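Scroll down for the structure; my scribbles are underneath it.
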Amino acid sequence: QVQLVESGGGLVQPGGSLRLSCAASGSIFSINAMGWYRQAPENERELVAHISTGGITRYADSVKGRFTISRDNAKNTVYLQMNSLKPEDTAVYYCHALIITGLSSWGQGTQVTVSS
């Protein structure tokens, strides 16, 4: 099993920045790719950013140029640097790990609120 713990959420003004962290533990050797999803009230969970074991990244169109996903394999940690935040970025952000078996593991979520 893989356990994921997110941190770094909070309240920020529009135009501000936050960095989310996701620390993985457990059967980390079984992780294929990792990513960040978000879910706003009354919306479905959506992919924000994704990074493969080889470092290939993919972003939702709405965050391209503003968010950066990175991965520190030595620390088993994935980061999401969020710049130029907008009110529409407000959501609960979830860390996700795709296991080599095809199963998924999810973190508990961290709230990001962008408001003046």
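At Q39 and S84, where each label point lies 7 Å from the Cα along Cα→Cβ, what is the point-to-point distance in nanometres?
A separation of 2.9 nm, rounded to one decimal place.
Each label point is 7 Å from the Cα along the Cα-to-Cβ direction; what then is the distance between the points at S104 and V5, in nm?
2.3
Can you give me the distance in nm between label points at D72 and A60, each placed 7 Å from the Cα along the Cα-to-Cβ direction?
With each label point 7 Å from Cα toward Cβ, the separation is 2.6 nm.
Taking 0.36 nm per residue of sequence separation and subtracting the Cα-Cα distance, how much length would be gained by fully extending the chain between S27 and E46, in nm to one decimal? Working shown, then result.
On the way: separation 19, 0.36 × 19 = 6.84 nm, distance 2.54 nm.
Value of the extension gain: 4.3 nm.
Could you tell me the center-to-center distance, by alpha carbons, between the stretch 1-28 and the stretch 60-116 in angstrom?
When both Cα centres are located, 7 Å separates them.
Which residue, P87, P41, P14, tops the fluctuation ranking in a GNM of the chain built on C-alpha contacts under 10 Å?
Among P87, P41, P14, the largest mean-square fluctuation in the Gaussian network model of the chain belongs to P41.
So for each of 2-9, 67-74 I average, over its residues, the number of other beta carbons within 10 Å; can you give me the resulting order with the highest mean first?
Details: 2-9: 17.5, 67-74: 15.6.
The most tightly packed comes first, giving 2-9, 67-74.
Among DSSP bridges having both ends in the chain, what percentage is antiparallel? Round to the nearest 5. Write down the numbers at each step before the final one.
Working: 41 of 44 bridges.
Taking every DSSP beta bridge with both residues in the chain, the antiparallel ones total about 95 percent.
Can you list the residues, at least 5 places off or on another chain, whose amide H is less than 5 Å from the amide H of L85, using H built in the peptide plane?
G15, G16
Just add up the charged neighbours of H50: K/R +1, D/E -1, any other residue whose Cβ is under 14 Å from the Cβ of H50.
Here the charged neighbours net out to +3.
Sum up the charges of everything whose Cβ sits under 15 Å from the Cβ of V92, counting Lys and Arg as +1 and Asp and Glu as -1, but leave V92 out.
On the way: positive: R38, R45; negative: E6, E42, E44, E46, E88, D89.
My count for the surroundings of V92 gives -4.
Read-outs throughout are calculated quantities, based only on the coordinates presented, and are distinct from any laboratory measurement. Computed from a prediction, not measured in an experiment: that's the story for all the values here. Neighbour counts are summed over all protein chains in view; Cβ atoms, including those assigned to glycine, are modelled from backbone coordinates with ideal geometry.
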